[in-house]
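Encoded as structure tokens, the structure appears first; notes follow it.
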Amino acid sequence: MSSNNSKSTTLLDRILSIEIVRVAERAAVAAAMQRGRGNEMEADKAAVDAMRRELSKLPIDGTVVIGEGERDEAPMLFIGEKVGNKKGPKIDIAVDPLEGTTLCAKNMPGAIATLAMAEGGTLLNAPDVYMEKIAIGPGYPKGVVELDRPAGENIVRLAKAKGVKPSDITALILDRPRHADLIAAVRKTGAAVSLITDGDVAGVIHTAQPDTTGIDIYLGIGGAPEGVLAAAALRCIGGQMQCRLVLDTEEKRARARKMGIKDPRKIYGMEEMVRGDCVFAATGVTEGNMLKGVRFKEGYIETETVVMRSATGTVRWVRAEHRQLEKFGLD
Ligand code: VTB
């Protein structure tokens, strides 16, 4: 799907950037029907089923490289699963049909349905483990922040590069006990910490537009699948990201080895997690800062999706009204 590839792949890439919207929308609507019902599993399953149904219609020979977990644990959209009608080119697919299952089950802000597609063999095949992450938006010199530098130093360097005081910087961090030291180190510089309960794909994306979101940097440990999806988005809109898989047991290291990861301590830059051009989409499930949630109106369903294409850096906001309600299992 890269811009320097043949015309047909560019065309496919352009078509996929519309098709991917449909896939995300369907998953979001299915999940939204489960909003606030307190059942994370049901909400996730609804999103997975819908996403899989839509993916199967695409003219691609697709492989899920970031999915619901390895084969034994997830019946659908598992890592390695083939999707699409197999008639088109080889495409890597990263999915998180419901990012923020808890947010959806509790009808709290920020649940999204999200996926990314790229040329076959270009997305990091990461196991479903934790990942250390650091991300900032575009416009900074390369290396201004580094995963292995102390958090406080990163904040001070970022502030300097932005031309502001550390106290003018806001970091976004998942609210977890494992981040207590990290949060303290960031606050010690005078910077503010914005905490989220879930949803670090959107969290990373927030760093790309600090003027709008108020977020300058994303820090901390979240899921690896979410990390690769966030890297795909950031690749489209610009920014820097560094990540490292948390492979703290022999079992996890063995799983990673099977997926081709030789160095368990490797730090991946954004371009190593997404090695070519990609398309990324996310549809709001519940209301959120980034995206409106699904709205069930009289006679139609409204969705809001953001779709990004790295070949051109285009970001489209698609507000859709769906009237064929039977397609969503509603009449
Ligand atoms: C994050 C967050 C997700 O998982 O990746 C997080 O973005 C990491 O796992 O929305 P823990 O919840 O175990 O900390 C989610 O919260 C859920 O997938």
What residue, of Ala135, Ala126, is within 30 Å of Asn39 (Cα to Cα) and not hydroxyl-bearing (Ser, Thr, Tyr)? Ala126
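Condition check ((1) outside the structural domain of Thr303 (by TED's automatic domain parsing); (2) over 26 Å from Asp44 (Cα atoms); (3) out of contact with any Phe, Trp or Tyr (no Cβ under 8 Å at 6 or more places or on another chain); (4) not polar (S, T, N, Q)) across all residues:
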| position | (1), (2), (3), (4) |
| --- | --- |
| Cys104 | no, no, yes, yes |
| Leu115 | no, no, no, yes |
| Ala135 | yes, yes, no, yes |
| Glu153 | yes, yes, yes, yes |
| Gly163 | yes, yes, yes, yes |
| Ala184 | yes, yes, yes, yes |
| Thr189 | yes, yes, yes, no |
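Could you say which residue among Leu182, Leu158 is within 26 Å of the chain's Cα centre (by Cα), among the aliphatic types (A, V, I, L, M) and over 30 Å from Val306 (Cα atoms)?
Details: Leu158 fails: over 30 Å from Val306 (Cα atoms).
The unique qualifying residue is Leu182.
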Taking interchain pairs and intrachain pairs at least six residues apart, which have beta carbon atoms under 9 angstrom, with the first residue in region 214-232 and hydrophobic (A, V, I, L, M, F, W, C) and the second near the ligand (Cβ under 9 Å from one of its atoms) and part of a loop (DSSP other than H, G, I, E, B)? Ile221/Arg176
Might you check whether a residue that is buried (at least 24 other Cβ atoms within 10 Å of the Cβ) and of a type outside the set (Val, Ile, Thr) occurs anywhere in region 175-185? no
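Please state which one of Met51, Met76 is without any contact (Cβ under 8 Å) to a residue 40 or more places away in the chain and not assigned by TED's automatic domain parsing to the domain that holds Ile205. Let's see the steps before the verdict.
Values: Met51 fails: without any contact (Cβ under 8 Å) to a residue 40 or more places away in the chain.
Residue meeting the stated conditions: Met76.
Those residues that are of a type in the set (A, V, I, L, M), at pLDDT 95 or above and under 18 Å from Glu54 (Cβ atoms), I need them from region 292-331; list them, please.
Quick first cut of region 292-331, residues of a type in the set (A, V, I, L, M) only: 294, 301, 306-308, 311, 315, 318, 320, 325, 330.
Among the residues that remain, those that are also at pLDDT 95 or above are: 294, 301, 306-308, 315, 318, 320.
Passing the criteria: Val294, Ile301, Val306, Val307, Val318, Ala320.
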Between Ala281, Ala256, which is in contact (Cβ under 8 Å) with a residue 24 or more places away in the chain, closer than 19 Å to Ala113 by Cβ and out of contact with any Gly (no Cβ under 6 Å at 6 or more places or on another chain)? Ala281
Counted residues in region 201-219 being surrounded by fewer than 24 Cβ atoms within 10 Å (Cβ to Cβ) and closer than 20 Å to Pro177 by Cα come to 0
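The values are calculated or read from the model by the stated rules, or taken from the named source; none is laboratory data. The shown structure was predicted, so the numbers you read here are calculated from the model rather than taken from an experiment. Ideal geometry is used to build each Cβ from the backbone, glycine not excepted, and the neighbour counts take in all protein chains shown.
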